[in-house]
Structures are given as C-alpha cells and as structure tokens.
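First comes the structure, then the notes that go with it.
The values are calculated or read from the model by the stated rules, or taken from the named source; none is laboratory data. None of these values were measured; they are calculated from a predicted model. Every residue, glycine among them, receives a Cβ derived from its backbone with ideal geometry; neighbour counts consider all protein chains shown. Side chains are part of the model used for accessible areas, which takes the heavy atoms of the whole protein and leaves out ligands, DNA and RNA. Shrake-Rupley method; radii C 1.70, N 1.55, O 1.52, S 1.80 Å.
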Amino acid sequence: NNYNQWSHSVIIFICRKGKEDYIIGITVPQDESSARYRMWKVENHMVMFWLLNSMRNEMGENFMYYQTAEEIWDATRETYSNKDNTFIVFEIKRILHDLRQGEMTITDYFIALTRYWQQL
C-alpha cells in the first residue's frame, strides 16, 4: 500500500550513502576475475541488505534470492508500483475528482490533494 512512500524514502537513504548507482543500473557486476569484483560484490550486497531490511520480513522473503540490488529494486517496483495498476489509478482519479475542501483547513486539503496526486 505504501510503495511510493517506501521507494522515495529508500532512494533518499541510498543517495545519502552515495550508492544509488547500484539500484538504477549504472554500477553493473564486474567480471569475477576483475580486481574490482570484490568491491562491487561487497557494495552490491550492502545495498541489497538495505533494501531487504527496509521491508517487512514476509515481503523481503520474496526478493532475497535476487543477485543484484537493481534486480530487487526493479522487482519491487514491478510488484508494488501503482503506476501500472489501472484500477488503482482510476480509483485515485475518482477520489481526486470528488475531493472537496469542506471542513478541512486549506493546509489539510492541500496535503490530501498532494498525497493522492503523487500516487498517480
């Protein structure tokens, strides 16, 4: 239910550590005979650990056998992202269409609009 929030929080954390290249596919596996392979493997596993530890155990179990952080990242997006779920997109658009300020403060109304809008 909270894929968008989760993914954004994880990106912030991983970017802060300077390792976002491991989930966006810029840092790719090295040849095992390469001197840099060991460093790639250590850092890739570190990012995989961060991703898996940010999930509930029963969810993380579904992704723990992937070989790279990028594979985990892509699989979670494919599994949980609302962008490809037509029904959810339709439902959010319906909510946005019907949403009225009513008794809400302008701040609460803006927060509600923004929350739904970001899920699209």
Tabulated pairs, segment 60-79, first outside the structural domain of E43 (by the TED database) and in contact (Cβ under 8 Å) with a residue 60 or more places away in the chain, second surrounded by 14 or more Cβ atoms within 10 Å (Cβ to Cβ) and in a loop (DSSP other than H, G, I, E, B), C-beta under 6 angstrom, 6+ apart or interchain: none
Lone unmet requirement of (1) in a loop (DSSP other than H, G, I, E, B); (2) surrounded by 14 or more Cβ atoms within 10 Å (Cβ to Cβ); (3) out of contact with any helix residue (DSSP H, G or I) (no Cβ under 6 Å at 6 or more places or on another chain) for E103: (2)
The lone exception for R38 - which of (1) part of a helix (DSSP H, G or I); (2) under 18 Å from the mean Cα position of the chain (by Cα) it fails: (2)
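Would you point out the residue of segment 47-59, among those that are open to solvent by 30 Å² or more (accessible area, probe 1.4 Å) and either in a loop (DSSP other than H, G, I, E, B) or not assigned by the TED database to the domain that holds Q30 (or both), that is modelled with the lowest pLDDT?
That would be R56.
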Yes/no for T27 being open to solvent by less than 90 Å² (accessible area, probe 1.4 Å), farther than 18 Å from N2 by Cβ, modelled with pLDDT of 90 or more and of a type outside the set (G, A, S): no
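Of all residues in segment 65-79, which are under 19 Å from E20 (Cα atoms) and either within 13 Å of the chain's Cα centre (by Cα) or not polar (S, T, N, Q) (or both)?
Selection gives Y66, A69, E70, E71, I72, W73, D74, A75, T76, R77, E78.
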Matching residues in segment 7-24 - criterion: being crowded, with 16+ Cβ neighbours inside 10 Å and in contact (Cβ under 8 Å) with a residue 24 or more places away in the chain: S7, V10, I14, K19, Y22, I23
Some residue of segment 87-100 being in a helix (DSSP H, G or I), outside the structural domain of H8 (by the TED database) and basic (K, R): yes
